[in-house]
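Student: Take a look at the following structure, please.
The values are calculated or read from the model by the stated rules, or taken from the named source; none is laboratory data. These figures come from a predicted structure and were not determined experimentally. FYI the Cβ positions are ideal-geometry reconstructions off the backbone, even for glycines, and counts take in every protein chain you see.
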Amino acid sequence: MKRALVPGTFDPVTEGHLDIVRRASQIFDEVVVAVAESPGKEPLFSHNERVQLARESTAGMQNVLVEPFDGLLVDFAQKMGANVVVKGLRAITDFEYEFQMNALNYELSQEIETIFIMSPPKFMYLSSSIVREIARLGGSFTQFVPSCVEAALIRKFGLERD
Ligand code: COA
């Protein structure tokens with residue numbers, strides 16, 4: 001069985017992330033969405049909240065499961081029996097960062113292969129921080145996130161919606 005990991009901080013999960021997860025799930029037998037604790041990023045949502053939102057958003061995807069992790073990505077991939085890591089590539093600006101992470105992960109473990117899926121144009125400029133910023137400023141972000149995330153952002157920022 002071919003199992004792949006889609007890692008990230010998912011603060012919160014967006015339609016851009018879900019597009020990558022969905023497409024990975026059509027290529028691999030099983031996809032593990034690995035939600036990193038990422039304390040250095042000082043996430044808006046707690047680790048547990050990010051895991052729950054990712055679980056709710058992927059509930060309709062049969063071969064997708066969501067697991068929290070801390071520590072090294074390569075160690076978690078090994079623990080989960082996944083030898084492929086899937087990452088989304090949006091604009092060209094992602095490339096240098098991903099190139100560096102890929103090289104580092106390769107140094108840490110040659111058994112893990114990283115593959116990239118290009119985001120479609122409509123998600124090219126989407127990121128969790130953009131969604132958080134729009135929510136914080138009271139703008140509309142419905143089209144960027146699944147409904148459970150929309151509700152969570154509304155609760156988090158105490159926003160009024162009609
Ligand atoms: N659609 C929309 N947004 C996307 C996206 C997509 N397809 N892919 C990435 N993004 C955005 C995220 O929303 C996030 O936005 P923000 O920072 O503006 O909020 C940004 O891109 C970065 O994504 P993030 O989820 O933080 O992933 P990352 O590429 O920074 O990597 C880990 C996170 C968990 C994979 C990485 O930090 C890691 O491996 N950590 C474990 C520790 C480790 O092993 N370190 C050594 C690795 S070299």
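Student: State the number of residues belonging to region 13-53 that are more than 10 Å from the ligand (Cβ to nearest atom) and in contact with a Gly (Cβ under 6 Å, 6 or more places away or on another chain).
Tutor: Residues meeting the conditions: 0.
Student: Here are PHE116, PHE99: which of them is within 12 Å of the ligand (Cβ to nearest atom), without any contact (Cβ under 8 Å) to a residue 12 or more places away in the chain, surrounded by fewer than 19 Cβ atoms within 10 Å (Cβ to Cβ) and of a type in the set (Phe, Trp, Tyr)?
Tutor: Numbers: PHE116 fails: without any contact (Cβ under 8 Å) to a residue 12 or more places away in the chain.
Sole residue among the options that is within 12 Å of the ligand (Cβ to nearest atom), without any contact (Cβ under 8 Å) to a residue 12 or more places away in the chain, surrounded by fewer than 19 Cβ atoms within 10 Å (Cβ to Cβ) and of a type in the set (Phe, Trp, Tyr): PHE99.
Every residue, every condition in (1) under 14 Å from the mean Cα position of the chain (by Cα); (2) surrounded by 12 or more Cβ atoms within 10 Å (Cβ to Cβ); (3) more than 8 Å from the ligand (Cβ to nearest atom), yes or no:
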{"position": "VAL64", "(1), (2), (3)": "yes, yes, yes"}
{"position": "PRO68", "(1), (2), (3)": "yes, yes, yes"}
{"position": "MET80", "(1), (2), (3)": "no, yes, yes"}
{"position": "PHE95", "(1), (2), (3)": "no, yes, yes"}
{"position": "GLN110", "(1), (2), (3)": "no, no, yes"}
{"position": "GLY139", "(1), (2), (3)": "no, no, yes"}
{"position": "CYS148", "(1), (2), (3)": "no, yes, yes"}
{"position": "ALA151", "(1), (2), (3)": "no, yes, yes"}
{"position": "PHE157", "(1), (2), (3)": "no, yes, yes"}
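Student: Against the definition (more than 19 Å from ARG3 (Cβ to Cβ) and outside any strand (DSSP E or B)), how does GLY60 come out, yes or no?
Tutor: Numbers: more than 19 Å from ARG3 (Cβ to Cβ): yes; outside any strand (DSSP E or B): yes.
So GLY60 fits the description; yes.
Student: If a residue has to be closer than 21 Å to PRO146 by Cβ and assigned to a loop (DSSP other than H, G, I, E, B) to count, how many in region 13-46 make the cut?
Tutor: 7
Student: Does SER109 meet the test of being of a type outside the set (Asp, Glu) and modelled with pLDDT of 95 or more?
Tutor: On the way: of a type outside the set (Asp, Glu): yes; modelled with pLDDT of 95 or more: no.
Answer is no for this residue.
Student: Go through (1) in a loop (DSSP other than H, G, I, E, B); (2) of a type in the set (A, V, I, L, M, F, W, C); (3) away from the ligand (no atom under 14 Å from the Cβ) one by one and return the number of the condition PHE10 breaks.
Tutor: Failed condition: (3).
Student: From the list ALA77, ALA135, ALA91, ALA152, which one is in a loop (DSSP other than H, G, I, E, B) and of a type in the set (A, V, I, L, M, F, W, C)?
Tutor: On the way: ALA77 fails: in a loop (DSSP other than H, G, I, E, B); ALA135 fails: in a loop (DSSP other than H, G, I, E, B); ALA152 fails: in a loop (DSSP other than H, G, I, E, B).
Unique residue meeting the criteria: ALA91.
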